[in-house]
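Peer 1: First the structure, which I've put down as structure tokens, then a few questions once you've had a look.
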Amino acid sequence: MSYFPPDLPEYNHMRHMCLPVIDPGAPFTEKEILPYLSHVNAKGVPDDWMFDSFLPLTSLAPSGNYIYADINRGTTRSGEGDFFALPSPNPAKAADWTEYLDSHFTEKGLLPLLDQTIDKLSAKIGTPPYKRNVVITIPYPHPNQYHFGKINPKGPSLNFSLLGQDLMKASEQRLEACLWYVNEAWTRWKKAKFKNLNLLGFYWIYESIHYSWEIDDHWVIKELYKQIQKKKTKLFWIPFYSSYNVNILSVYKDFYFDCAFMQPNHMFYKEIKDVKKAALEAKDRYAGFEMEYCYGDDPTLGKKGERQKRFRNYLNGGVQYGYMTKAACAYFLGSKDAARMAYSNDKIENGLYHDMYHFIKGDYSVK
């Protein structure tokens, strides 16, 4: 078997996809998005293209309601000590889904900023070989949400839960919300007429799959996928590392995902000592590989030096296990962390940014 390969024409030559974490209350500036689109050299000047694909991500709607399916709790939040996960309190409603989509497309949204910045960069470093790809996140239709709100002014408020109805009725309404969201995103995309961006697909945000007598993600995804196919777009998934998810990853196309990336969690779990096992699991399952780095303040992340050391393991692993050049890669870098790395006065931190650029170019050597 092999990794999910980079540079496939049917994926508009996707190779390296970044997951910029967006905060609707503090949108990206041009200076902050620049180091994602282009390599910024030691003088702060862009000199080459960087990430070719973008999957904007957030956990909270402006209201404080949750886009994510679940949240981590405890003093560590990342899998050690008194860590535990629980279903997201206050799951997002229809108005939250709309506001989240707004944060992509409004005048100060990320997508217009990407499009405009690419124009400016093209004048300096040349036009990129292909349009930059965009993958839009679908908020999770949470089964604990019994009062989602109306998506049709003449219709009822949708109910994703089993409160007062059976699983099929709940699943149908979850699907209805997802279809509405995808169609809204598609309509806005067509209206925007971005010059430099390509809508590659949509992302199922929950990092696992629920299907039981009480929840049926599988059916929802199956029916949603039909609409995504009609729009000639792709459906993406990035499961966290666990035996359950690895088993699903073995047959992820049977769960109607076009492309999946293995999320190794080496950055966040002390007990996961390296990336080797996750890399080999990805390779055995025709999956891409996710790189991870963030500043954060979680004790599990350790001191800055430990986080830097672990990111070095990701970079070195790309050479050792082949995913640097043989796999499509995704990058979770925290909130605006690529910009922090690019403009950092810390030589190690800044050096990791430049090493990441060489990793993307495919000429990074083990350090």
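Peer 1: List, please: which pairs have Cβ atoms under 8 Å, are six or more places apart or on different chains, and start with a residue in the range 1-28 that is under 12 Å from residue 327 (Cβ atoms) and end with one that is of a type in the set (Val, Ile, Thr) and buried (at least 17 other Cβ atoms within 10 Å of the Cβ)?
Peer 2: These pairs meet every condition: 6/325; 15/360; 16/360; 17/135.
Peer 1: Quick check on the range 138-148. Is at least one of its residues touching a Ser or Thr at 6+ places or on another chain (Cβ under 9 Å), outside any loop (DSSP other than H, G, I, E, B) and buried (at least 23 other Cβ atoms within 10 Å of the Cβ)?
Peer 2: no
Peer 1: Check whether at least one residue in the range 242-254 is at pLDDT below 95, of a type in the set (Lys, Arg) and within 19 Å of the chain's Cα centre (by Cα), and report yes or no.
Peer 2: So far as the range 242-254 goes, yes, one or more of its residues are at pLDDT below 95, of a type in the set (Lys, Arg) and within 19 Å of the chain's Cα centre (by Cα).
Peer 1: Moving on. Spot the failing condition for residue 220; the list is (1) over 15 Å from residue 209 (Cβ atoms); (2) touching a helix residue (DSSP H, G or I) at 6+ places or on another chain (Cβ under 6 Å); (3) part of a helix (DSSP H, G or I), and only one is missed.
Peer 2: (1)
Peer 1: Keeping to the range 329-357, report how many residues are outside any helix (DSSP H, G or I) and within 18 Å of residue 34 (Cβ to Cβ).
Peer 2: Total satisfying the criteria: 8.
Peer 1: Still on this structure: Limited to the range 51-65, what total is found for residues that are closer than 17 Å to residue 336 by Cα, crowded, with 22+ Cβ neighbours inside 10 Å and aliphatic (A, V, I, L, M)?
Peer 2: Within the range 51-65, residues that are closer than 17 Å to residue 336 by Cα, crowded, with 22+ Cβ neighbours inside 10 Å and aliphatic (A, V, I, L, M) number 1.
Peer 1: Answer yes or no as to whether residue 43 is in a helix (DSSP H, G or I), basic (Lys, Arg) and more than 20 Å from residue 239 (Cβ to Cβ).
Peer 2: Numbers: in a helix (DSSP H, G or I): no; basic (Lys, Arg): yes; more than 20 Å from residue 239 (Cβ to Cβ): yes.
In short, no.
Peer 1: Something else about it: All but one of (1) of a type outside the set (Asp, Glu); (2) over 22 Å from the mean Cα position of the chain (by Cα); (3) modelled with pLDDT of 95 or more hold for residue 347, so report the exception by its number.
Peer 2: For residue 347, the exception is condition (3).
Peer 1: Taking the stated definitions as given, is residue 101 out of contact with any Ser or Thr (no Cβ under 8 Å at 6 or more places or on another chain), in a strand (DSSP E or B) and over 26 Å from residue 356 (Cβ atoms)?
Peer 2: Values: out of contact with any Ser or Thr (no Cβ under 8 Å at 6 or more places or on another chain): yes; in a strand (DSSP E or B): no; over 26 Å from residue 356 (Cβ atoms): yes.
No.
Peer 1: Still on this structure: Let me spell it out: the conditions are (1) touching a helix residue (DSSP H, G or I) at 6+ places or on another chain (Cβ under 9 Å); (2) of a type in the set (Phe, Trp, Tyr); (3) within 20 Å of residue 71 (Cβ to Cβ), and residue 257 meets all of them except one. Which number is the exception?
Peer 2: For residue 257, the exception is condition (3).
Peer 1: May I pose another question? Does at least one position in the range 300-320 carry a residue that is charged (D, E, K, R), in contact (Cβ under 8 Å) with a residue 24 or more places away in the chain and not in a helix (DSSP H, G or I)?
Peer 2: Within the range 300-320, none of the residues are charged (D, E, K, R), in contact (Cβ under 8 Å) with a residue 24 or more places away in the chain and not in a helix (DSSP H, G or I).
Peer 1: Could we say that residue 4 is buried (at least 19 other Cβ atoms within 10 Å of the Cβ), touching a Gly at 6+ places or on another chain (Cβ under 7 Å) and modelled with pLDDT of 90 or more here?
Peer 2: Spelling it out, residue 4 is indeed buried (at least 19 other Cβ atoms within 10 Å of the Cβ), touching a Gly at 6+ places or on another chain (Cβ under 7 Å) and modelled with pLDDT of 90 or more.
Peer 1: Moving to a separate point now. I'm checking my understanding of the structure. Among residues of the range 199-210 that are over 24 Å from residue 152 (Cβ atoms) and either part of a helix (DSSP H, G or I) or modelled with pLDDT of 95 or more (or both), which one is nearest to the chain's Cα centre (by Cα)?
Peer 2: 203
Peer 1: Go through the range 7-26 and count every residue that is surrounded by fewer than 16 Cβ atoms within 10 Å (Cβ to Cβ), over 16 Å from the mean Cα position of the chain (by Cα) and not hydrophobic (A, V, I, L, M, F, W, C).
Peer 2: Count: 4.
Peer 1: Okay, moving on. Residue by residue through the range 149-198, note down the ones that are part of a loop (DSSP other than H, G, I, E, B), of a type in the set (Lys, Arg) and free of Cβ contacts under 8 Å to residues at least 40 places away in the same chain.
Peer 2: Residues satisfying the conditions are 154, 193.
Peer 1: For residue 226, only one of the following conditions fails: (1) at pLDDT 95 or above; (2) farther than 25 Å from residue 52 by Cα; (3) surrounded by 16 or more Cβ atoms within 10 Å (Cβ to Cβ). What is its number?
Peer 2: Failing condition for residue 226: (3).
Peer 1: Out of 262, 291, report the one residue that is closer than 28 Å to residue 73 by Cα, of a type outside the set (Ser, Thr, Tyr), assigned to a strand (DSSP E or B) and free of Cβ contacts under 8 Å to residues at least 40 places away in the same chain.
Peer 2: Details: 291 fails: free of Cβ contacts under 8 Å to residues at least 40 places away in the same chain.
Exactly one of 262, 291 is closer than 28 Å to residue 73 by Cα, of a type outside the set (Ser, Thr, Tyr), assigned to a strand (DSSP E or B) and free of Cβ contacts under 8 Å to residues at least 40 places away in the same chain, namely 262.
Peer 1: I'd like the residue in the range 318-349 that is touching a Cys at 6+ places or on another chain (Cβ under 9 Å) and of a type in the set (Phe, Trp, Tyr) and, out of all such residues, is surrounded by the most Cβ atoms within 10 Å (Cβ to Cβ).
Peer 2: Step by step, filter the range 318-349, then rank; the result is 323.
Peer 1: Right, here's the next one. Of everything in the range 149-180 that's more than 23 Å from the chain's Cα centre (by Cα) and of a type in the set (A, V, I, L, M, F, W, C), which residue is surrounded by the most Cβ atoms within 10 Å (Cβ to Cβ)?
Peer 2: Checking each candidate, the answer is 160.
Peer 1: Let me ask something else about it. Before we move on, is residue 35 outside any strand (DSSP E or B) and either among the acidic types (Asp, Glu) or under 22 Å from residue 339 (Cβ atoms) (or both)? Outline the logic, then answer.
Peer 2: Values: outside any strand (DSSP E or B): yes; either among the acidic types (Asp, Glu) or under 22 Å from residue 339 (Cβ atoms) (or both): yes.
Against the criterion (outside any strand (DSSP E or B) and either among the acidic types (Asp, Glu) or under 22 Å from residue 339 (Cβ atoms) (or both)), residue 35 qualifies.
The values are calculated or read from the model by the stated rules, or taken from the named source; none is laboratory data. Model, not experiment: these values are computed from the prediction. Cβ coordinates were reconstructed from backbone atoms using ideal geometry, including for glycine residues, and neighbour counts include every protein chain displayed.
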